[in-house]
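Some notes on the structure that comes next.
The values are calculated or read from the model by the stated rules, or taken from the named source; none is laboratory data. Nothing here was measured: the structure is a model prediction, and the numbers come from that model. Every residue, glycine among them, receives a Cβ derived from its backbone with ideal geometry; neighbour counts consider all protein chains shown. Please note that ligands, DNA and RNA were not included when accessible areas were found on the heavy atoms of the full protein model with its side chains. Shrake-Rupley method; radii C 1.70, N 1.55, O 1.52, S 1.80 Å.
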Amino acid sequence: MKSTKQDKLLIDAFQRDIDNITATLHLLSEYDLARTVSGIIAAQNIYVLGTRGNFSVAHYLGYRLGQIKRGVRLVSGLGMDYPEEISSVKRGDLCIAFLTPRYSRMTANLVAWMKQRGVTIVLFTKEGSCEISPYGDVILQCRTDGISYKSSLIALFAVCNYILAAVALQSHDEAMEMLAQTEELLGQGFFLGL
């Protein structure tokens, strides 16, 4: 069968994402990943924040983490109510924020405000973003090279998947209890059963 330009684009897109994940794996520090996981397990409240394109990653992590850990809050900003969503932060809480180009001033301001109040900030950002480092306590750099006009977020999702697996493994009892409670609720008519 003859290859088409569309086939080449498909292969190039997949290869770029594979390269992004591989590069990110080499960028990440085991120490920073361990700090992230232990911070999540220890925190009473976890705020997950990402705006614009990064919201998709924030929503994914917030949703999945909330299935296995109590006190997870997705800062969605629905109706621009960011201040109300984070006003109760306190020392000992943790914020996982996603800040990649075009760096959102709103995300940066919210993270800076929380950091001043003693919240530990785990910051996902683009590889080589040294100017963003002061906003976070733990910096998780990810390669985000895109095949087209936008950056690829696939490496951020891959790191989130690792974090979710590590939290579930290290906090097994709480994760199983949370999952059982969710299943109990879902069993009360959330699905049509078709």
Sorted by average packing, counted as other Cβ atoms within 10 angstrom per residue and highest first, what order do 164-175, 105-116 take? 105-116, 164-175
Between residue 45 and residues 5 or more places away or on another chain, which pairs have amide H atoms under 5 Å apart, with H built 1.01 Å from N, and which residues are they? 94
To one decimal place, what Kirkwood hydrodynamic radius in Å is obtained for the chain from all pairs of distinct Cα atoms? 17.8 Å
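Provide, for the stretch 3-140, the number of lysine pairs with alpha carbons under 27 Å apart, each pair being eight or more places apart or on different chains. Working shown, then result.
Numbers: 8/126; 69/90; 69/115; 69/126; 90/115; 115/126.
Step by step, the pairs that qualify in the stretch 3-140 add up to 6.
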Pick out, from 167, 135, 157, the residue whose Cα sits farthest towards the positive end of the charge dipole of the stretch 101-194, with +1 on the Cβ of Lys and Arg and -1 on the Cβ of Asp and Glu. 135
If you put +1 on each Lys and Arg Cβ and -1 on each Asp and Glu Cβ, how big is the dipole of the stretch 59-194 around its Cα centre, in Debye rounded to 20? 460 debye
Give a residue-ordered list of calculated ³J(HN,Hα) values for the stretch 77-87 (Karplus: 6.51 cos²θ - 1.76 cosθ + 1.60, θ = phi - 60°; whole Hz; x for Gly, Pro). x, 4, x, 6, 8, 3, x, 5, 6, 10, 5
Computed over the stretch 40-194, the relative contact order (Cα-Cα under 8 Å, seq sep at least six) in percent reads 22 percent
Which shape class applies to the stretch 147-188: rounded if a/c is under 1.5, otherwise prolate when a/b exceeds b/c and oblate if not, where a ≥ b ≥ c are the square roots of the Cα gyration tensor eigenvalues? oblate
Read phi for every residue in the stretch 124-135 and hand back ³J(HN,Hα) as whole Hz from Karplus 6.51 cos²θ - 1.76 cosθ + 1.60, θ = phi - 60°, with x for Gly and Pro. 7, 8, 6, 3, x, 8, 4, 5, 8, 3, x, 6
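Expressed as a whole percentage, what fraction of the accessible surface of the chain belongs to carbon and sulfur atoms when a 1.4 Å probe is rolled over the protein heavy atoms? Numbers along the way, then the final one.
Working: 6490 of 11440 Å².
The nonpolar share, carbon plus sulfur, comes to 57 percent.
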When all C-alpha to C-alpha distances in the stretch 22-118 are sorted into bins of 5 Å, what percent of pairs does each bin hold, rounded to whole numbers? 2, 13, 22, 25, 23, 11, 3, 1
At 0.36 nm per residue, minus the direct Cα-Cα distance, what do residue 18 and residue 116 gain on full extension? Give it in nm, one decimal, please. 31.6 nm
